[in-house]
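Single-structure report; data block below.
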Amino acid sequence: MTLPRGFRAEAERKSVSFRKDLGLKPNEAMNIKSLAKNLNVKVVSAEKLVALDKLEELERIQTFSFSAATFEVEGRHFIVTNPLRSSGRLSSDVAHELAHILLKHELNEVRELDGIAFRTCRPDEEEQATSYGATLLLPRPVLVAAAYRGLTPEEIATEHNVTVEMARFRFNSSGVAKQVNR
């Protein structure tokens, strides 16, 4: 799948704008929960809703079947996260869900898993949320500054509280890796 024309550029612009709204410096890590709060989105750990042992059982039965989900209750969005995930993964999960909200995606596709129907977004919307969420956490100017400081994707991940996979993905897909190699 491919993103709509101009999607990445608009995601970059909006991500930089959100960072300015939060008063972040160019090299400063985005606390994704601060952005959520600024957008009036409540982030809740699933262990406040379900016993932790039930979440652990779900994880044993089907690894990574639940990372985060968004609910709208009385006009307000809530993102429920899995407390079993690493801090970096939680950042990515919340950013992904915020991207769905910002892009106004609706749960309009029904899928069945083991005889249980659930609603989800279309695959193209999932791709958009993945791209936009990653850009919220690591917009290109942040990556360029980190690269010129000599940081590797592993160091960027640590500094910005994201997974190494996320840092590598953004470092390569944003064109920063090519720019630095020139």
By residue number, the members of the range 32-54 that are assigned to a helix (DSSP H, G or I), open to solvent by 70 Å² or more (accessible area, probe 1.4 Å) and either in contact with a strand residue (DSSP E or B) (Cβ under 6 Å, 6 or more places away or on another chain) or without any contact (Cβ under 8 Å) to a residue 12 or more places away in the chain (or both) are 33, 37, 48, 53, 54
Being modelled with pLDDT under 95 and among the aliphatic types (A, V, I, L, M) narrows it down to one of 134, 99, 145, 167, so name that one.
145
Quick one: what pairs do we get from the range 70-86, first residue part of a strand (DSSP E or B), second basic (Lys, Arg), C-beta under 9 Å, 6+ apart or different chains?
76/42; 77/42; 78/42; 79/42; 80/48
The condition of being more than 28 Å from residue 146 (Cβ to Cβ) and open to solvent by 30 Å² or more (accessible area, probe 1.4 Å) holds, among 72, 28, only for 72
Name the residue, out of 28, 57, 10, that is over 18 Å from residue 100 (Cβ atoms) and in a helix (DSSP H, G or I).
57
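The values are calculated or read from the model by the stated rules, or taken from the named source; none is laboratory data. From a predicted model like this one, the values you see are computed outputs, not experimental measurements. Cβ atoms come from the backbone with ideal geometry, glycine included; neighbour counts cover every protein chain shown. The area values use the complete protein model at the heavy-atom level, side chains included, leaving out ligands, DNA and RNA. Shrake-Rupley method; radii C 1.70, N 1.55, O 1.52, S 1.80 Å.
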